[in-house]
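The structure under discussion appears below in the form of structure tokens.
Bear in mind these aren't lab numbers, they're just calculated from the coordinates by the rules spelled out. Everything numeric in this text was worked out from a predicted model, so none of it was measured.
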Amino acid sequence: RDAHFLAMFYSRTLNDWGVTAQRLQRLEEAGRHFERASSLNTNNKPAQVNLQFNRQLRADGDRTARVARSADERLGGYRDLETLLVYSGQFDEP
């Protein structure tokens, strides 16, 4: 149980570090943070979305968002957006 809690905590923190790195144009570093965050918590939807967007940025520099997913897919089992953001961190996608 403690390991699960720590994995969620570290995943959220890595996602936030990735967002900061991406905003500073450190795309490779950001991608590594998003990958680690996603592997520590496979239900961290912001990290997964951020990783996909990071890959898009590294591939072609395109900053436009792709087709949005449904709200249920984005929430990943959380009951609302606020709870998702508290446990998983922020999105960095237009």
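Some observations on this one:
- For region 44-52, backbone phi angles converted through the Karplus equation (6.51, -1.76, 1.60; θ = phi - 60°) give residue-by-residue couplings of 7, 4, x, 5, 5, 5, 4, 5, 4 Hz, Gly and Pro being listed as x.
- Phi-based couplings in Hz for region 18-35 (Karplus 6.51, -1.76, 1.60; Gly and Pro marked x): x, 4, 4, 4, 5, 5, 8, 6, 9, 5, 5, 4, 4, x, 5, 5, 5, 4
- Using θ = phi - 60° and Karplus 6.51 cos²θ - 1.76 cosθ + 1.60, couplings along region 5-15 (whole Hz; Gly, Pro as x): 4, 5, 4, 5, 4, 5, 4, 4, 5, 4, 4
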